[in-house]
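First comes the structure, then the notes that go with it.
The values are calculated or read from the model by the stated rules, or taken from the named source; none is laboratory data. Bear in mind the structure is a predicted one, so any value in this text is a computation, not a measurement. Here the Cβ is made from the backbone with ideal geometry for all residues, glycine too, and neighbour counts use every protein chain on show.
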Amino acid sequence: MCKKELVAKILARKKAQFVAADAPILEQLSEERLKVLAEAPDEPEPKPEPKPEPETPEQRRSKLLSENPDIKAVLDKEKARETARHSELLTAMKATKQDAYTEEELKALPLEALEKIVKVANANVPVKDYSGSGLPRAAAAGDETAPPPVDMMERIKTLRAKSA
């Protein structure tokens, strides 16, 4: 095969890496190199990688909870607190003897809506007393007080005097 036939074969390929304007440059190559280019197999088109399915919120939640047991503990604690508050509000609504909502309807309501209904109904809900929790307070007469802190300056001075 002559160079012109090899160049024509290279340019006629399906996946041509060269265009007709490259013919003069290809003709300058050696016959061995042109044979290699002409006989090289066509590379198959790369198959697109399948996109991973997006995670559903439930999958993300379960993954997060399985990886972080601390988060699960906090969520469980909050759920228990909400359940206790919900039953407390239901008890308060039962005490009002209202007949606008059945007990099942009140149980189905979210906590925020139930709190609003209890407020409108002027139900007597026990208020939690948070006095003294986390705040400093004056010591009562029977309370023991902590001893005064040790004066470290005196110890430091005596140690310095000994080492000098």
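Scan region 99-115 for residues that are surrounded by 12 or more Cβ atoms within 10 Å (Cβ to Cβ) and over 34 Å from the mean Cα position of the chain (by Cα) and jot them down. The answer is TYR101, and nothing else. Taking region 1-114 and the helices (runs of 4 or more DSSP H) fully enclosed by it, the elements with 2 or more residues that are closer than 30 Å to VAL127 by Cα and out of contact with any His (no Cβ under 7 Å at 6 or more places or on another chain) are at 69-95, 103-108.
Which of the residues belonging to region 117-150 are of a type in the set (D, E, K, R) and either surrounded by 10 or more Cβ atoms within 10 Å (Cβ to Cβ) or at pLDDT below 70 (or both)? If you could, list the steps in order and put the result at the bottom.
As a first pass, look at region 117-150 and keep what is of a type in the set (D, E, K, R): 119, 128-129, 137, 143-144.
Listed by number, the residues that qualify are LYS119, ASP129, ARG137, ASP143.
Select, from THR96, THR83, the only residue that is surrounded by 11 or more Cβ atoms within 10 Å (Cβ to Cβ), of a type in the set (Val, Ile, Thr) and more than 37 Å from the chain's Cα centre (by Cα).
Numbers: THR83 fails: more than 37 Å from the chain's Cα centre (by Cα).
Answer to the selection: THR96.
For region 41-56, check the following and say yes or no: at least one residue is within 50 Å of the chain's Cα centre (by Cα), outside the structural domain of PRO110 (by TED's automatic domain parsing) and surrounded by 10 or more Cβ atoms within 10 Å (Cβ to Cβ). For region 41-56, residues within 50 Å of the chain's Cα centre (by Cα), outside the structural domain of PRO110 (by TED's automatic domain parsing) and surrounded by 10 or more Cβ atoms within 10 Å (Cβ to Cβ): present. Pairing each residue of region 34-52 that is at pLDDT below 75 with any residue that is charged (D, E, K, R), provided the two are 6+ apart or on different chains, yields C-beta distances under 7 Å for ASP42/ARG13; ASP42/LYS14; ASP42/LYS15; GLU43/LYS15.
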